[in-house]
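Reviewing the structure listed below.
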Amino acid sequence: MKKLLPTSTAGSLPKPGWLAEPEKLWSPWKLEGEDLVAGKQDALRLAVEDQRQAGIDIIGDGEQTRQHFVTTFIEHLSGVDFEKRETVRIRNRYDASVPTVVGAVARPKPVFVDDARYLRAQTDQPIKWTLPGPMTMIDTLYDAHYRSREKLAWEFATILNQEARELEAAGVDIIQFDEPAFNVFFEEANDWGIATLEKAAEGLKCETAVHICYGYGIKANTDWKKSLGSEWRQYEQTFPNLQKSIIDIISLECHHSRVPMDLIELIRGKKVMVGAIDVASDTIETPEEVADTLRRALQFVDADKLYPSTNCGMAPLSRSVARGKLNALGAGAQIVRDELAA
Ligand SMILES: [Zn+2]
């Protein structure tokens, strides 16, 4: 990126009310068949337009073509039975009824490549595409086949790498893997989680990112955050190994979180997507608040490596709040850009 402080979102944006019920995760589609295909593309174009109007530099699809950031990818794979469900504990936090791995997992055909091509056709700006990371994928399934979290993660890493290579060929500039599970299963992350992430990113010539957060602003997550004490030092566990990894960009949560800002020092040398927008609150940040978070981050990350972003996806918010937050992000980054240029 030539532009200083290029802005982007972590990934998801709210969907229009005519496409899916708003302010809800896993919200069912309101259209079907060809109408649904066209509706998703229209929503994607609106998401691009909202980002463009807010002055966002790296454009995403707002995840308008998927119901959920993990589930939708898995739905396209073979070896997973969505009818056969078991209750498991997700990220050690809440119980959910999840599909079962019943055989060898594979990707019969590309999942998001057509959508990425469609996004590419909408803008000349750099585009970013999000995929779930291997460890976060295994955490949303019951595995009756491999019976090994590590084995299943390696299988998913291979599949993700196939998808990522095709996304790159479709013109994606940054491929981001979402790994909120890294903030929970530190030992596994360090033993094999980061290695499987690198496998997913293997051989890519485009830039790669990993997004590690404290989740959407849903109740299970906000309750969990209340239990984490006054300082959230989870990043401390995985950052040293991520610093040594092949991943180019680390996306993390900062604004309104209790993450000590100096933990960013642990990934010195990497590009850092700094979350300057709180996704767990409907209060829209002022540009000055965004600028303040970015200024504090600049103590620990070089200006040419600072990528202002949101703490996490904004899917569960209302569209007007999300739009306000996008505008604040764009305006706040501009304040600091001007200061750096002065
Ligand atoms: Zn997130």
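The values are calculated or read from the model by the stated rules, or taken from the named source; none is laboratory data. Not measured: the values here are computed from a predicted model. Methodologically, a virtual Cβ is constructed for each residue, glycine included, from the backbone with ideal geometry; neighbour enumeration extends over all protein chains shown.
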Among the residues of region 4-25, how many are among the charged types (D, E, K, R) and free of Cβ contacts under 8 Å to residues at least 60 places away in the same chain?
1
Considering each residue of region 318-340, count those that are buried (at least 24 other Cβ atoms within 10 Å of the Cβ) and part of a loop (DSSP other than H, G, I, E, B), and give that number.
0
In region 146-201, which residues are assigned to a loop (DSSP other than H, G, I, E, B) and of a type in the set (Asp, Glu)?
ASP173, GLU179
Identify all residues within region 74-89 that are in contact (Cβ under 8 Å) with a residue 60 or more places away in the chain and under 22 Å from the mean Cα position of the chain (by Cα); write none if there are none.
ILE74, LEU77
Output the number of the condition that GLU285 fails; it satisfies all remaining conditions of (1) within 14 Å of LEU329 (Cβ to Cβ); (2) out of contact with any helix residue (DSSP H, G or I) (no Cβ under 7 Å at 6 or more places or on another chain).
(2)
Looking at region 56-75, is at least one residue more than 16 Å from the ligand (Cβ to nearest atom) and on the phi > 0 side of the Ramachandran plot?
no
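Could you please let me know if ARG233 is on the phi > 0 side of the Ramachandran plot and part of a loop (DSSP other than H, G, I, E, B)?
Answer is no for this residue.
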How many residues of region 201-214 are away from the ligand (no atom under 16 Å from the Cβ) and in contact with a Gly (Cβ under 7 Å, 6 or more places away or on another chain)? The answer is 0
When HIS256 is evaluated against the numbered criteria (1) touching a helix residue (DSSP H, G or I) at 6+ places or on another chain (Cβ under 7 Å); (2) at positive phi, which criterion, by number, is the only one it fails?
(1)
Go through the residues of region 156-171 one by one and say whether even a single one is surrounded by 21 or more Cβ atoms within 10 Å (Cβ to Cβ), under 16 Å from the mean Cα position of the chain (by Cα) and either among the aromatic types (Phe, Trp, Tyr) or within 16 Å of the ligand (Cβ to nearest atom) (or both).
no
Selection within region 140-153 - more than 20 Å from the chain's Cα centre (by Cα), within 19 Å of LEU197 (Cα to Cα) and of a type outside the set (Ser, Thr, Tyr)
ARG149, GLU150, LYS151, LEU152
What's the total number of residues in region 272-295 that are away from the ligand (no atom under 16 Å from the Cβ) and either within 26 Å of ILE246 (Cα to Cα) or crowded, with 17+ Cβ neighbours inside 10 Å (or both)?
9
Could you tell me how many of the residues in region 238-260 are more than 14 Å from ALA10 (Cα to Cα) and at pLDDT below 95?
5
Looking at region 42-53, is at least one residue of a type outside the set (Phe, Trp, Tyr) and either within 16 Å of the ligand (Cβ to nearest atom) or on the phi > 0 side of the Ramachandran plot (or both)?
no
Checked region 205-227 for anything over 15 Å from the mean Cα position of the chain (by Cα), crowded, with 18+ Cβ neighbours inside 10 Å and assigned to a loop (DSSP other than H, G, I, E, B); matches are CYS206
Only one residue in SER309, SER230, SER245, SER251 is among the small types (Gly, Ala, Ser), under 20 Å from the mean Cα position of the chain (by Cα) and either away from the ligand (no atom under 13 Å from the Cβ) or surrounded by fewer than 16 Cβ atoms within 10 Å (Cβ to Cβ) (or both), so which one is that?
SER245
Return yes or no: is THR196 surrounded by fewer than 22 Cβ atoms within 10 Å (Cβ to Cβ), over 19 Å from LYS128 (Cβ atoms) and hydroxyl-bearing (Ser, Thr, Tyr)?
no
